[in-house]
Amino acid sequence: MTPTAPAPAPARLPTEPPPGCPFDPPAGLDRLRVEEPLSKVSLPDGTWAWLATRYADVRAILGDQRFSSDTTRPGYPLSGMTGGAPVDGAARGFIRMDPPDHTRLRRMVTRDFMVKRVEALRPTLQKITDELCDAMEQTDRAEHPVDLVQALALPLPSLAISLLLGVPYDDHEKFQHLTGQLLSRELPEEERATARKELLVYLNGLVAAKEAEPGEDILSRLLTEQYAQGELTREDVVAFAALLLIAGHETTANMIGLSALSLMLDHETADQLREDPSLIRGAVEELLRFHSIIRNGPRRAATEDVEIDGHLIRAGEGVIVAVPAANRDEATFPEPDRLDVCRPNSQHHVAFGYGIHQCLGQALARAELQVVIGTLLHRFPGMRPAGPVDEVPFRTDMAIYGCHELPVTW
Ligand code: HEM
């Protein structure tokens with residue numbers, strides 16, 4: 001009898017961009033999308049999960065409620081997952097829940113993130129951006145190039161979400177530090193757990209302060225309405241705060257940094273946007289598609305056997321949806337590797353996910369990006385990287401892609 005050959009071990013989940021192409025998706029995803037669009041990949045802890053790389057399959061999975069977002073479900077691929085919100089404990093947040101809990105909790109804050117609400121915030125976002133740009137202008141660039149990440153990309157979303165939650169401005173450095181640690185792929189799990197605890201201690205204190213003295217923010221409203229009526233526990237309110245803060249902060253910051261850098265390097269597109277600012281909205285959609293900063297997610301666990309693209313995903317198996325690969329699928333986006341701000345269907349990208357968990361803060365993220373890009377193009381037409389681009393430290397070590405630092409001059 002001929003012995004059967006052992007099944008080949010699944011390839012590792014790709015995480016690094018191809019050498020010299022910092023804006024491209026992790027190397028290997030392109031090949032998988034063509035040759036094996038639904039493949040098995042191994043994770044850092046030795047387990048494996050399905051990896052979906054085609055646009056159609058990604059939408060099919062994210063739109064199918066037989067795939068669960070509940071991280072406590074058997075088979076949920078937790079390994080190497082450091083992005084987004086806490087994955088365990090009381091502060092899991094509704095991003096990690098399924099209906100009906102997800103539906104009930106998400107509904108409580110939907111109105112705060114609706115386009116109309118966000119549009120009312122736009123003048124404040126512009127004011128914050130203008131002030132941060134004023135401060136940049138006043139620095140002595142001859143001595144030190146300005147780090148756009150610290151000067152603008154991180155503070156704007158931090159201030160925007162702090163305003164919505166009623167977080168005091170003075171605490172924002174502490175947040176950036178703690179959320180940065182939570183999202184690090186390289187930090188040992190114990191240190192991430194410590195950062196998570198510290199953040200929760202802080203947020204508990206903030207919720208207690210709002211309970212004693214409610215303000216005009218989301219947390220105060222959740223306390224005076226849903227908590228007062230017994231629809232939420234105090235832990236639930238803390239979980240809201242943790243989720244909104246983490247989900248809204250580092251994501252937008254990294255999109256700002258990458259968008260600014262790609263426009264600094266693409267003079268033709270920058271000139272086009274300066275000449276016709278009405279193109280900026282479409283440009284933001286294209287930048288979201290092109291950069292696809294969520295590198296190794298979203299993730300799900302199958303709760304039933306489901307057939308996708310001829311493959312049977314069994315109940316209890318994990319699935320990773322490769323947003324960067326889906327957004328470069330040429331079946332949906334012709335010439336996908338080209339940044340084309342006039343592309344007619346950029347807005348069909350899945351950078352904000354798809355289905356019931358589609359990003360709650362997308363209108364806010366869009367508004368911030370539109371304001372920042374418009375302002376930078378207008379106020380700093382000569383802005384450029386202060387050194388060679390291959391010396392920019394890209395976040396290949398993080399679940400949310402971007403630049404650790406972006407030294408610029410003008
Ligand atoms: C460019 C910036 C952003 C990107 C690329 C992004 C991306 C995403 C993605 C891909 C998901 C889906 C996760 C899943 O399906 O499991 C998501 C969900 C979510 N995002 Fe964002 N996000 C951004 C900004 C924001 C902002 C500014 C906020 C709010 C302050 C926010 C709040 C949320 C929340 C609460 C969820 C969970 C929604 C749910 O489970 O129903 N995000 N985001």
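The values are calculated or read from the model by the stated rules, or taken from the named source; none is laboratory data. The shown structure was predicted, so the numbers you read here are calculated from the model rather than taken from an experiment. Counting neighbours? That spans all protein chains shown, and the Cβs are built from the backbone with ideal geometry, glycine included.
The table for this structure:
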| item | result |
| --- | --- |
| Sole residue being in contact (Cβ under 8 Å) with a residue 40 or more places away in the chain and not small (Gly, Ala, Ser), chosen from Leu223, Leu159, Leu203 | Leu203 |
| Exclusive hit being away from the ligand (no atom under 16 Å from the Cβ) and within 24 Å of the chain's Cα centre (by Cα), set Glu213, Glu191, Glu250 | Glu191 |
| Hits in the stretch 372-399 (condition: surrounded by fewer than 21 Cβ atoms within 10 Å (Cβ to Cβ) and within 13 Å of the ligand (Cβ to nearest atom)) | none |
| Counted residues, the stretch 229-254 - those being part of a loop (DSSP other than H, G, I, E, B) and of a type outside the set (Val, Ile, Thr) | 4 |
| Residue in the stretch 265-281 that is in contact with a Lys or Arg (Cβ under 7 Å, 6 or more places away or on another chain) and within 16 Å of Pro385 (Cα to Cα) present | no |
| Search result, residues across the stretch 261-292 that are out of contact with any Phe, Trp or Tyr (no Cβ under 8 Å at 6 or more places or on another chain) and among the basic types (Lys, Arg) | Arg274, Arg281 |
| Of residues in the stretch 324-346 being outside any loop (DSSP other than H, G, I, E, B) and aliphatic (A, V, I, L, M), the one farthest from the ligand (Cβ to nearest atom) | Ala325 |
| Filter pass, Leu261 being assigned to a helix (DSSP H, G or I), among the aliphatic types (A, V, I, L, M) and either within 16 Å of the ligand (Cβ to nearest atom) or touching a His at 6+ places or on another chain (Cβ under 8 Å) (or both) | yes |
| Residue that is farthest from the chain's Cα centre (by Cα) [pool: residues in the stretch 349-397 that are of a type in the set (Phe, Trp, Tyr) and in a loop (DSSP other than H, G, I, E, B)] | Phe380 |
| Residues of the stretch 286-323 that turn out to be away from the ligand (no atom under 11 Å from the Cβ) and in a helix (DSSP H, G or I), as a count | 2 |
| Conditions (1) in contact with a strand residue (DSSP E or B) (Cβ under 9 Å, 6 or more places away or on another chain); (2) in contact (Cβ under 8 Å) with a residue 40 or more places away in the chain; (3) not aromatic (Phe, Trp, Tyr): number failed by Asp217 | (1) |
| Flag for Asp57 being touching a residue at least 24 places away in the same chain (Cβ under 8 Å), closer than 19 Å to Gln358 by Cβ and within 11 Å of the ligand (Cβ to nearest atom) | no |
| Pair list, Cβ under 8 Å, 6 or more apart: the stretch 110-123 residue of a type in the set (Val, Ile, Thr), other residue within 13 Å of the ligand (Cβ to nearest atom) and not in a helix (DSSP H, G or I) | Thr110/Leu360 |
| Selection count, the stretch 25-47, where residues are buried (at least 18 other Cβ atoms within 10 Å of the Cβ) and in contact (Cβ under 8 Å) with a residue 40 or more places away in the chain | 9 |
| Test set (1) in contact with an Asp or Glu (Cβ under 7 Å, 6 or more places away or on another chain); (2) at pLDDT 95 or above - Glu405 fails condition number | (2) |
| The listed residue being at pLDDT below 95 and touching a helix residue (DSSP H, G or I) at 6+ places or on another chain (Cβ under 9 Å), out of Arg366, Arg395, Arg379 | Arg395 |
